[in-house]
1. Among the candidates VAL58, VAL88, VAL71, which residue alone is of a type in the set (A, V, I, L, M, F, W, C), more than 30 Å from ALA325 (Cα to Cα) and touching a His at 6+ places or on another chain (Cβ under 9 Å)?
2. For GLY204, only one of the following conditions fails: (1) in a loop (DSSP other than H, G, I, E, B); (2) touching a strand residue (DSSP E or B) at 6+ places or on another chain (Cβ under 9 Å). What is its number?
3. Go through region 279-302 and give me each residue that's farther than 20 Å from ILE190 by Cα and either touching a strand residue (DSSP E or B) at 6+ places or on another chain (Cβ under 8 Å) or open to solvent by 30 Å² or more (accessible area, probe 1.4 Å) (or both).
4. Yes or no: region 240-254 includes at least one residue that is touching a residue at least 40 places away in the same chain (Cβ under 8 Å), assigned to a helix (DSSP H, G or I) and either surrounded by fewer than 22 Cβ atoms within 10 Å (Cβ to Cβ) or not small (Gly, Ala, Ser) (or both).
5. Just name the residue that is farthest from PHE178 (Cα to Cα) out of those in region 226-238 that are part of a helix (DSSP H, G or I) and open to solvent by 70 Å² or more (accessible area, probe 1.4 Å).
6. Quick check on region 189-200. Is at least one of its residues in contact with a Lys or Arg (Cβ under 8 Å, 6 or more places away or on another chain), at pLDDT 90 or above, assigned to a helix (DSSP H, G or I) and of a type outside the set (Val, Ile, Thr)?
7. At pLDDT below 85 and surrounded by 13 or more Cβ atoms within 10 Å (Cβ to Cβ): which single residue out of LEU28, LEU16 fits that description?
8. Based on this model, can you work out whether ALA175 counts as assigned to a helix (DSSP H, G or I), within 21 Å of SER150 (Cβ to Cβ) and aliphatic (A, V, I, L, M)?
Amino acid sequence: MTATTMPAAPAEHHSLNLRGQTLRTPVLGAIAVGAVALTALLYLVTSIHSRIQFVLIVLLLFSIGQTIASVLVEGSRHARDRLVTTLVYGSFLLALIPLVAVLVSVIERGAKRLDLDFLTHSMRGIGARDAGGGIYHAIIGTLEQVALASLMAVPFGLLVAVYLVEYGTGRVSRAISFFVDVLTGLPSIIAGLFVLGFWILALGQPFTGFAGSLALTILMVPVVVRSAEEMLKLVPDELREASYALGVARWRTILKIVVPTALPGIVTGVMLAVARVAGETAPLLLTVFGDNSINMNPFDGEQSALPLYIYSQAGQPQQVAIDRAWAAALTLIIIIMLLNLIARFVASRAKVK
């Protein structure tokens, strides 16, 4: 009986191309170069001169060229996938254009006037045509008013969020959620009018920085509540159940486990609220009233703020006043960025023990 012999292995192995034909990177680069060149040609023969229009036309031509090339090489299915991917990235770039444009414009116009003297002097005794003056009094007012508003809004908003997530059931919880949603869309001037009518006119209190803080608190509370509520909902229930299984009380579980776990997200939400109210002008016009002198006491007398300073200086026809407004706007952006960096550093150091 003869042994069966195994068939010999083929001499060559052919690799399977499961993905089919794909567009090469040089082809995509050539399409991009062609889109830019064609857009530049359109700029030469038409009256289009906007940079934003240039970017939009380049994205449109690149999408069309890429889709046509993908249909010819890869097929309609891959072409649709590439088109949607290009639209997503293009939308992201378009969303960045206003932000970058604002930052570049503020930096270019504000850096010319921003110096140490501008940061360490007030507008006391400075006329409309004078080139001097600074924002020291406005920086103090903004920091004090935002700090007071945060001291009132953040603990209250966090407690409301904890109640809605950990304890809230039934009609009371739904009513609180409804009113928080209403406050979220409240125009800022309504908050200023409320404080003006109740705190200043009805109770006879003077125009102070604290009155402005009350108006800012109304605007901060719904943002803090909603952001903290969403972050607390993301905490896994397993952490709560493990703590309860060890016999830890509910309030201590919330304080030691739930809140520290959600703290980075809560801090981000708080900084969003701070960034919103730090640039509000309408509530401060009705409650703080503004002052050109330095006032360290937010509970006594009128006080300035950076939004009020920008509003008053930008409304004047003199170029020196407009330059001061741009420099104050740049200072406000820098202050908010520094507060965000400090808050993120503090949140990153917080850990569940």
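1. It is VAL71.
2. Of the numbered conditions (1) in a loop (DSSP other than H, G, I, E, B); (2) touching a strand residue (DSSP E or B) at 6+ places or on another chain (Cβ under 9 Å), the odd one out for GLY204 is (2).
3. Once the filter is applied, which keeps residues that are farther than 20 Å from ILE190 by Cα and either touching a strand residue (DSSP E or B) at 6+ places or on another chain (Cβ under 8 Å) or open to solvent by 30 Å² or more (accessible area, probe 1.4 Å) (or both), region 279-302 yields ASP291, ASN292, ILE294, ASN295, MET296, ASN297, PHE299, ASP300, GLU302.
4. Within region 240-254 (the criterion being touching a residue at least 40 places away in the same chain (Cβ under 8 Å), assigned to a helix (DSSP H, G or I) and either surrounded by fewer than 22 Cβ atoms within 10 Å (Cβ to Cβ) or not small (Gly, Ala, Ser) (or both)), the answer is yes, since at least one residue qualifies.
5. GLU238
6. no
7. Details: LEU16 fails: surrounded by 13 or more Cβ atoms within 10 Å (Cβ to Cβ).
Being at pLDDT below 85 and surrounded by 13 or more Cβ atoms within 10 Å (Cβ to Cβ) holds for just one of LEU28, LEU16, which is LEU28.
8. No.
The values are calculated or read from the model by the stated rules, or taken from the named source; none is laboratory data. Fair warning: this is a prediction, and the values are worked out from it, not measured in the lab. Counting neighbours? That spans all protein chains shown, and the Cβs are built from the backbone with ideal geometry, glycine included. Quick note on the areas: whole protein, heavy atoms, side chains included, nothing else; ligands and nucleic acids left out. Shrake-Rupley method; radii C 1.70, N 1.55, O 1.52, S 1.80 Å.
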